[in-house]
Amino acid sequence: MKNYLDKSPTAESRLTDPEEVQNMVMNMARADEARSTVRAKVKGLVDGNPPYSKSELKKNAQSYRCNVNFREAESFLSMGLSAFYDVFSEVPQYATVDIEHDNPNTDESYSKIITEEFDRMQKKDTNFDYLMQLSQHEMVLYGYGPMVFEDTLDWRCKPIRCGDLLIPEKTKSNVNEWVIAAVRSVYQVHELYGFIKNEEAATAAGWNISAVRQAIMDSVPEEEGSHSKRRWEYYQQAIRNNDLSYSSECDVIRATHVYYREFPDADNPQGAITHCMIDERGDGSQFLFRNLKQFKGWEECIHCLYYDKGDGQHHSVKGMGVKMFSALELKNRLKCSLIDAAVARTAIHFQPQNPSDLNRTSIVQMGPYTVIPPGMQIQQTNSAGVLDAPLKVEEALEGTLQAGLSQYRQRLEKDGNPRTATEIEALVAQQSILGKTQLNRYYNQLDALFTERYRRAINPDLT
């Protein structure tokens, strides 16, 4: 990808041309197309898409074949999500606030009081539990569940889909080392208009009023018999009169938030984060929004909750869905073939003695008796042992899945002689180690998220 970042530390900002920013977003989107295809296949597997194309089976006159998704992927995902949701929700407090100088009277610990009030505030946010579940879904299925803060004031955050977070190739799976990131969003007309409704406040915040107006007007379909756009006042009045109905008639506006690290300076030795927005379908002549050095660091705008760190690069991180896709897709196909074979082996086969016998294929049922027309000869089939080999393969695949995804769905073996107390203790200890590794990694990332929520919540400038 072409490097558009200005290397000169004397520049006002490393990115100043909106057209170059738009090109960067398009390049990152094109580089993500192959991964997007994989995510779509994984989502289809979990959602129950059958292993074979129905249209292809019908085209090849094979509609009779078994074509079923047995939902094992959904089961694995449910178990994985349950484990992470339990460690998030089944705690006395979401987070514990420690302070440097606490009250020596332990009955009135300042830390305890602040922790209780902060926890109460989290639980009063009725959307937080739902939003965390969405983040965990993306993390377990694909490998990471990004959470973003949309501005510098609101202490609440929201999750985004993995496919909406664009990161350049070779970027580290450590957010603190990121240089640039893009978050793709879709806005309806009335939503984007809400940002600039108060023009004075919007301008102070960094919104480009003329660019947002142009994006809104470009999303409005041309009226029949008219080949030119009206003045802005017409569209503004239409939105104010009935914003929801009018928005439904317009195209959505595909805006992309772009965050990038500026050069270090005396105020910020690490380099502040600039936030800008571009219209993906615009001409690239203007930013929709731009706020230089809006955030002090990445922790103030994006938290990418990783399941693991991969090989150290962002795109190497894989979730359960990618890991289990090939094996479960193969298992679905194998089970469908097993059912086809079982149906074929349990059917009664007739062999006509000559071509004219095909015209007399009617079978008459008379109570407990069946009358077979003359010229038909029943063929004996032996089903014993025919299905043994496919069943062994299916069993081997199951073992491979359990070994590869044991961290998501662990099971205690019950076959053979009863285990001794020492064996059970050793097994539980081993499973606990696996669990602690995952939980510690997840908790450390949650700590950073709650730290930012707390920092915003105690902002004295907010009521």
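None of the figures in this text is laboratory data; all of them are computed from the coordinates on show. Just so you know, these numbers come straight off a predicted model, no measurement behind them. Note that each Cβ is placed from the backbone with ideal geometry, even for glycine, and that neighbours are counted across all protein chains shown.
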Each residue of the range 264-280 in order: what ³J(HN,Hα) in whole Hz does its phi give by Karplus 6.51 cos²θ - 1.76 cosθ + 1.60, θ = phi - 60°, with x for Gly and Pro? x, 9, 5, 6, 9, x, 8, x, 6, 10, 8, 10, 9, 9, 10, 8, 4
What shape does the range 242-348 have by the C-alpha gyration tensor, where a ≥ b ≥ c are the square roots of the eigenvalues, rounded means a/c under 1.5, and otherwise prolate means a/b greater than b/c and oblate the rest? oblate
Using a simple charge model, +1 on the beta-carbon of Lys and Arg, -1 on the beta-carbon of Asp and Glu, nothing else, what dipole does the range 65-184 show about its Cα centre, in debye to the nearest 20? 820 debye
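Just the number: Rg to Rh for the range 191-312, Cα atoms, Kirkwood Rh, two decimals.
With Rh from the inverse mean 1/r over Cα pairs, Rg/Rh is 1.09.
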What chymotrypsin sites (Phe, Trp or Tyr not before Pro) does the range 21-83 have in DSSP loop regions with at most 11 other beta carbons within 10 Å? TYR64
Cα-based shape type of the range 238-301, given that a ≥ b ≥ c are square roots of the gyration tensor eigenvalues and the cut on a/c is 1.5: prolate
If amide H atoms are built 1.01 Å from N in the plane of the peptide, which residues on other chains or at least 5 residues away come under 5 Å of the amide H of LEU288? MET277, ILE278, ASP279
Once the Cβ-Cβ distance between ASN241 and ASN23 is put in as r, and R0 is 56 Å, what FRET efficiency do you end up with, to the nearest 0.05? 0.90
Can you give the net charge of the other residues whose Cβ lies under 15 Å from the Cβ of SER63, counting K and R as +1 and D and E as -1? +2
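Could you rank the peptides 157-165, 126-134 by their average count of other C-beta atoms within 10 Å per residue, with the highest value first? It would help to have the intermediate numbers written out before the result.
On the way: 157-165: 19.0, 126-134: 13.8.
Peptide ranking by packing, descending: 157-165, 126-134.
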Using θ = phi - 60° and the Karplus curve 6.51 cos²θ - 1.76 cosθ + 1.60, what whole-Hz ³J(HN,Hα) does each residue of the range 181-193 get, with Gly and Pro shown as x? 8, 10, 10, 7, 9, 10, 10, 7, 4, 5, 5, 5, 5
What distance in nm separates the simple spin-label points at ALA205 and LYS54, each placed 7 Å from Cα in the Cβ direction? 4.5 nm
Give, in nm to one decimal, the length gained when the segment between ASP267 and ILE339 is fully stretched (0.36 nm per residue of separation minus the Cα-Cα distance). 19.1 nm
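With a/c under 1.5 counting as rounded, go ahead and sort the range 69-205 into rounded, prolate or oblate using the C-alpha gyration tensor (a ≥ b ≥ c being the square roots of the eigenvalues; past the cut-off, prolate if a/b is larger than b/c, else oblate). Can you show the working numbers first?
Numbers: a/c = 1.81, a/b = 1.14, b/c = 1.59.
Judged from the Cα gyration tensor, the range 69-205 comes out oblate (a/c at least 1.5, b/c at or above a/b).
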I'd like the distance separating the alpha-carbon centroids of the range 139-166 and the range 194-210, in whole Å. 24 Å
So for the range 80-158, taking the charge dipole from beta-carbon charges (+1 Lys/Arg, -1 Asp/Glu), which of TYR94, CYS157, SER82 sits furthest toward the positive end? SER82
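Would you tally the net charge around ILE278, using a Cβ to Cβ cut-off of less than 13 Å, leaving ILE278 out, and scoring K and R as +1, D and E as -1?
Working: positive: ARG184, ARG254, ARG281, ARG290; negative: ASP17, GLU19, GLU20, ASP279, GLU280, ASP283.
That works out to -2.
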What FRET efficiency comes out for the pair ARG455/PHE70, r = Cβ-Cβ distance, R0 = 51 Å, nearest 0.05? 0.60
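Subtract the Cα-Cα distance of ALA61 and LEU330 from 0.36 nm times their separation in residues, and report this length gain in nm to one decimal.
Details: separation 269, 0.36 × 269 = 96.84 nm, distance 2.24 nm.
94.6 nm is the gain from fully extending ALA61 to LEU330.
Express in nm, to one decimal, how much length is gained between VAL91 and MET121 on full extension, taking 0.36 nm for each residue of separation and deducting their alpha carbon distance.
Values: separation 30, 0.36 × 30 = 10.80 nm, distance 1.54 nm.
Full-extension gain reported as 9.3 nm.
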Net charge near ALA211 (other residues with Cβ under 11 Å of its Cβ; Lys, Arg +1; Asp, Glu -1) is -1
